[in-house]
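The values are calculated or read from the model by the stated rules, or taken from the named source; none is laboratory data. In this text, all values refer to a predicted model and were calculated from it rather than measured experimentally. For neighbour counting, all protein chains shown are included, and Cβ atoms are generated from backbone atoms with ideal geometry for every residue, glycine included.
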């Protein structure tokens, strides 16, 4: 493991890590509490990074529950700079999924994490990437939690291939995303739960709402993650091949159909725009659904 220990000898040890993949080297922060029973890999939302204060808050709650966490940047610094200008890469679900799958494989190869069961926590577009990774690595990923996620971007074929126990958490005052999560929930064929947090908007900025997300995620992972991954599951076995995932995620790049200049506005005909896009396509025409911001 290419890692620099930050707190040797502490109840929780933390490392700044680099994950070398075929097309990129990604930076991450790995924390492993003493006696950890599993590790949760975070997939950040659109326009964000491993420094997301919300994901860091959730990660700390998971750590207190005895779970290891890996927060990782899914884009390189150069790609982040491009995305700040174009807002395109944050919607490239194929790219984000490929990076996340690489991070799952990396966890399975490291001596410090290879015996730990793996869960995924995804926010916004990161939730779609997490579900694709769960479908692609069925024998490795045991649980998924989505916070204000866009599971619709994964496409129905991917959703139907997920075998990991899946919790979808949505804010009660985020009606469009509630509808998208309800539709995705119907397509998921495994242990699942849809949890709506009363009074919460998309970013869970209201008092006590993010705490509820963190507690629900902790409890879900502790209940559904095996205490140890069996030897037979240590091989990265793929039932759902990359070419199939490409088709399931959509016929063309997701980012190409967004109106980036309107990404922070919700048009009056948002419902009509949503209804024009079938969930099965994995493509979304609503620029107003790009809620995540760099300060996520």
| message | Here's a check for you: in the range 153-184, which residue that is part of a helix (DSSP H, G or I) and out of contact with any helix residue (DSSP H, G or I) (no Cβ under 8 Å at 6 or more places or on another chain) is farthest from residue 202 (Cα to Cα)? | response | 182
| task | Mind listing whichever residues of the range 76-96 are surrounded by 20 or more Cβ atoms within 10 Å (Cβ to Cβ) and either without any contact (Cβ under 8 Å) to a residue 40 or more places away in the chain or closer than 21 Å to residue 38 by Cα (or both)? | result | 95
| said: Name the single residue that is surrounded by the most Cβ atoms within 10 Å (Cβ to Cβ) among those in the range 143-178 being touching a residue at least 24 places away in the same chain (Cβ under 8 Å), over 15 Å from the mean Cα position of the chain (by Cα) and closer than 22 Å to residue 210 by Cβ. | reply: 171
| Can you name every residue in the range 77-113 that is farther than 26 Å from residue 13 by Cβ and at pLDDT 85 or above? | 93, 94, 95, 96, 97, 98
| said: Regarding the range 14-30, can at least one residue be identified that is within 22 Å of residue 141 (Cα to Cα), part of a strand (DSSP E or B) and at pLDDT 95 or above? | reply: yes
| said: Would you confirm whether or not the range 42-56 contains a residue that is crowded, with 24+ Cβ neighbours inside 10 Å, modelled with pLDDT of 95 or more and assigned to a helix (DSSP H, G or I)? | reply: no
| remark: In the range 116-126, residues that are modelled with pLDDT under 95 and either surrounded by fewer than 24 Cβ atoms within 10 Å (Cβ to Cβ) or part of a helix (DSSP H, G or I) (or both) total 2
